[in-house]
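Everything on this sheet refers to the single structure shown next.
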Amino acid sequence: MKSRIRAHNARMGWLGAAGVSAMLLAGCAAGPGTGTAPAAGSPSRNPSGAATASAEAGNRSPSASARMICQDETRTNILRILSLPAPPRTTDAWADSLYTCTYALPSGSLVLSVKQAPDAGAARAHFDGLQHVAVSAQPIEGMANLGFPAFQTPDGTVVFVKDNFVLTVDATGLPATVGPHDVTRSAFAYEVATAVLACWSD
């Protein structure tokens, strides 16, 4: 009985976070983010958070949608969710079709990543592999998964798959609770993930 109550409370927390995320979407661009991408073959890092340059095309460089996790839309949403005094600094990297953006927050590090698979089947296979090895992974179900396969871990990681992208929000480098309302880092990771997913939607 207690486990069902905890599960219900977790679902309600996710739904509440989704509602907050919806209110933050004024910062979303009309379409996928624009800008240049890091060069393929060797990871690139950009401490200022600005886009890095590349002439590479296709799956050899992150798509505009993948780069959105490190651009103004996401940076502004994180600033608003946590009521930060200034936009957080970021460091990005691209290697093995994985685009990663690390946010240096006052309380620790938040890591967003997008696995850019060649197709939806490959993305789902990658997602299933992550879920299989994740410790105590729990599926996100019902309205909270927004219609996409998703799971979360108790320590603060949330993973969604949409089309040929696998989005991971890793808040394990943050304290147990964050922000002015002391939300759990799992709820925060879910809130950030759903805001990105909504920005990806046409």
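Just so you know, all these numbers are worked out from the coordinates, no wet-lab data involved. In this text, all values refer to a predicted model and were calculated from it rather than measured experimentally. Quick reminder, even Gly has a Cβ in these numbers, built from the backbone with ideal geometry, and neighbours come from all protein chains shown.
Scanning segment 181-200 for residues that are over 19 Å from Ser113 (Cβ atoms) and either touching a residue at least 60 places away in the same chain (Cβ under 8 Å) or within 14 Å of the chain's Cα centre (by Cα) (or both) turns up Val183, Thr184, Ala187. For the residues Thr76, Thr100, Thr91, the requirement of being among the polar types (S, T, N, Q) and within 13 Å of the chain's Cα centre (by Cα) singles out Thr100. Anything in segment 169-180 that is assigned to a loop (DSSP other than H, G, I, E, B), surrounded by fewer than 19 Cβ atoms within 10 Å (Cβ to Cβ) and within 15 Å of the chain's Cα centre (by Cα)? List them, or say none. Hits for segment 169-180: nothing passes.
Can you name every residue in segment 189-202 that is out of contact with any helix residue (DSSP H, G or I) (no Cβ under 7 Å at 6 or more places or on another chain) and buried (at least 23 other Cβ atoms within 10 Å of the Cβ)?
Scanning segment 189-202 gives Ala189, Ala193.
Among the residues of this structure, Asp163 does not count as one that is among the acidic types (Asp, Glu) and in contact (Cβ under 8 Å) with a residue 60 or more places away in the chain. Just so you know, in segment 118-168 the residues that are small (Gly, Ala, Ser) and within 12 Å of Tyr190 (Cα to Cα) include one that is surrounded by the fewest Cβ atoms within 10 Å (Cβ to Cβ), and it is Ala144. Within segment 127-139, residues that are assigned to a loop (DSSP other than H, G, I, E, B) have Cβ atoms under 8 Å from residues that are surrounded by 12 or more Cβ atoms within 10 Å (Cβ to Cβ) and of a type in the set (Val, Ile, Thr) in these pairs: Ala134/Thr153; Ala134/Thr157; Ala134/Val159; Val135/Thr153; Ser136/Thr153; Ala137/Thr153, counting only partners at least 6 apart in sequence or on another chain.
Scan segment 77-117 for residues that are at negative phi, surrounded by fewer than 17 Cβ atoms within 10 Å (Cβ to Cβ) and in contact (Cβ under 8 Å) with a residue 40 or more places away in the chain and the total you get is 5.
So, Gln131, is that one more than 21 Å from Thr102 (Cα to Cα) and not basic (Lys, Arg) or not? Yes.
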